[in-house]
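This report refers to the structure that appears directly beneath it.
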Amino acid sequence: MKIIIVGCGKVGYAIARQMEQEKHDIVMVDNEIAHLAKADNMLDIMCIHGSGASISVLMDAGVRSADLVIAVTGVDDTNMVCCLMAKSLGARHTIARVRNPEYFAQINLLKEELGLSMAVNPESAAAQEISRLLRFPSALQIEPFARGRVELVGLKVPENSVLDGMPLWALYKEFQVKILICVVQREDEVIIPSGDFVLHSGDRIHITAEHIEIERFFRVLGLFRNRARSVMIIGGSRLAYYLAKELISIKVRVKIIERDKARCEYLCEMLPEAVIIHADGTDKEVLQEEGLEKTDALVTLTGMDEENIIVGLYAKAMKVAKVIVKINKLSFTEILDKMDIDSFISPKAIAANNIVRYVRAMQNSVGSSNVETLHHLINEQVEAVEFKVREKSGVVGVPLKNLKTKENILVATIIRDGKIIIPGGNDTIEIGDNVIIVTAGRHLNDLREIQQKLIG
């Protein structure tokens, strides 16, 4: 596919990197030469210097033959104008980043008027993900599938856990819970496990099941914690605003500490139910004075990764039960994994993930199955993809024990007529099913791609 990306900031670069890995023809447009330099040096893409709101620049980028134009500059108005012009010049599909709460509140009308295929709001999407983690603090990561009916949940096997030394086949016999462990990270190794795989303390595992089964599993392990009732947020950014709104709607007490006075005044007006503190949230004395040790959860959302991490580590040292840290740079995951912080959130990665899912759905619109949901795990080493089976293919009607799949591919869950099936060898995939596939080192566009190619 030919894809034009307007805006070479953090989000634009993350999208370009993922799209390049999937072998798309990428053109990057930005009006700052310095922004284009990294993309030009690091990625095999074409870079054009100029404004994405300029007809001549869009024409130079090949907009008339573009399958998709993605506008993710830092200015919402520019993104919307760019998409409107691109659509009128012949681009098949357009996606705009829209972050302003006033615009985003009426996004359905804007999509219709501008002809947008999709609107992406990294901060709003990140707020929803953080909210899920605060509702179920025991988890390190939560990814929803099948419109929330199935979840993929990450946790770390504690020291002296009953799971230490247990083979996967023994889980149901021991706990009587319907879950499937579909990914294991052991130090630097990522494994799609078989039933004979033996767990060890320190393993980071991802399990898939209905929420009620996952909750039962955490309870029998003694890891379950009730949802956070009070949350302290460091930094009053757009993400903080969206998160506070989410939490207030579920009756969570919210306190935001922001060092900019004007921003505090804005938040006071927009969030009357929240407590807004004008102070430096990275100051130890401020944190103590505002009751850090008594809060259920801390979320650090300043614009500096280093500040977020340091405050997060301090909160864990003060025994705060749940600590979530926002980061922009994902290139040091080996270090992050070793830190005593519960969860890391990257808005740009979430936005890029949502756009990749849309592109995959565009690609297989004439295939046997649609990509419904897509999540990346463990620094993008693993994909979990939900397909909707639309027609007969080689994977349909075959017992899974007889289905020859490629290496590092696992059929994790089948959803049929609203029923959740943790599949066994005798189960089959049928037309109309939603199927969740977990894979390492592959990019799946169609369910048929899980099959081994027959030789001869």
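The values are calculated or read from the model by the stated rules, or taken from the named source; none is laboratory data. Predicted, not measured: the structure shown is a model, and the values here were computed from it. So basically every Cβ, Gly included, is an ideal-geometry build from the backbone, and we count neighbours across all protein chains shown. For accessibility, only protein heavy atoms count, side chains too; no ligands or nucleic acids. Shrake-Rupley method; radii C 1.70, N 1.55, O 1.52, S 1.80 Å.
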*asked:* Quick check on segment 351-360. Is at least one of its residues modelled with pLDDT of 90 or more and aromatic (Phe, Trp, Tyr)?
replied: no
_Residue that is surrounded by the most Cβ atoms within 10 Å (Cβ to Cβ), among those in segment 149-174 that are within 19 Å of Ala384 (Cβ to Cβ) and touching a residue at least 60 places away in the same chain (Cβ under 8 Å)_ = Leu152
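Is it the case that segment 379-397 has a residue that's more than 30 Å from Asn308 (Cα to Cα), assigned to a strand (DSSP E or B), touching a residue at least 60 places away in the same chain (Cβ under 8 Å) and not aliphatic (A, V, I, L, M)?
yes
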*What do you reckon, is Met42 of a type in the set (A, V, I, L, M, F, W, C), at pLDDT 95 or above and open to solvent by 50 Å² or more (accessible area, probe 1.4 Å)?*
no
_Long-range neighbours under 9 Å by Cβ, at least six apart or interchain, first residue under 17 Å from Lys322 (Cβ atoms) and without any contact (Cβ under 8 Å) to a residue 24 or more places away in the chain within segment 208-223, second surrounded by fewer than 20 Cβ atoms within 10 Å (Cβ to Cβ) and among the β-branched types (Val, Ile, Thr)_ = Gly222/Val162
*asked:* Quick check on segment 67-74. Is at least one of its residues free of Cβ contacts under 8 Å to residues at least 12 places away in the same chain and either of a type in the set (Asp, Glu) or farther than 28 Å from Glu383 by Cβ (or both)?
replied: no
*From the list Asn445, Asn370, which one is open to solvent by 30 Å² or more (accessible area, probe 1.4 Å), touching a residue at least 12 places away in the same chain (Cβ under 8 Å) and part of a loop (DSSP other than H, G, I, E, B)?*
Asn445
*asked:* Could you tell me how many of the residues in segment 221-236 are closer than 17 Å to Thr295 by Cα, of a type outside the set (D, E, K, R) and either open to solvent by 10 Å² or more (accessible area, probe 1.4 Å) or not in a strand (DSSP E or B) (or both)?
replied: 4
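Residue-by-condition table, conditions (1) among the hydrophobic types (A, V, I, L, M, F, W, C); (2) over 24 Å from Ile212 (Cα atoms):
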| site | (1), (2) |
| --- | --- |
| Asn379 | no, yes |
| Phe387 | yes, no |
| Arg390 | no, yes |
| Leu400 | yes, yes |
| Ile414 | yes, no |
| Asp417 | no, no |
| Asn426 | no, yes |
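Please work out which residue is farthest from Leu239 (Cα to Cα), limiting yourself to segment 86-103 and to residues that are assigned to a loop (DSSP other than H, G, I, E, B) and either among the polar types (S, T, N, Q) or touching a helix residue (DSSP H, G or I) at 6+ places or on another chain (Cβ under 8 Å) (or both).
Gly90
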_The conditions are (1) out of contact with any helix residue (DSSP H, G or I) (no Cβ under 8 Å at 6 or more places or on another chain); (2) over 30 Å from Glu123 (Cα atoms); (3) open to solvent by less than 50 Å² (accessible area, probe 1.4 Å), and His206 fails exactly one of them. Which is it?_
(2)
*With the checklist (1) surrounded by fewer than 24 Cβ atoms within 10 Å (Cβ to Cβ); (2) closer than 21 Å to Gln381 by Cβ; (3) among the hydrophobic types (A, V, I, L, M, F, W, C) in hand, flag the one item Leu36 doesn't pass.*
(2)
*Selection status of Ala16, out of contact with any Leu (no Cβ under 8 Å at 6 or more places or on another chain), under 17 Å from His93 (Cα atoms) and crowded, with 18+ Cβ neighbours inside 10 Å*: no
*segment 175-203, residues that are among the β-branched types (Val, Ile, Thr), outside any loop (DSSP other than H, G, I, E, B) and open to solvent by 20 Å² or more (accessible area, probe 1.4 Å)*: Val190, Ile191, Val198
*Of all residues making up segment 85-113, the number that are farther than 18 Å from Ile3 by Cβ and surrounded by 15 or more Cβ atoms within 10 Å (Cβ to Cβ)*: 8
_Just checking, does segment 414-427 include any residue being among the polar types (S, T, N, Q) and open to solvent by less than 20 Å² (accessible area, probe 1.4 Å)?_
no
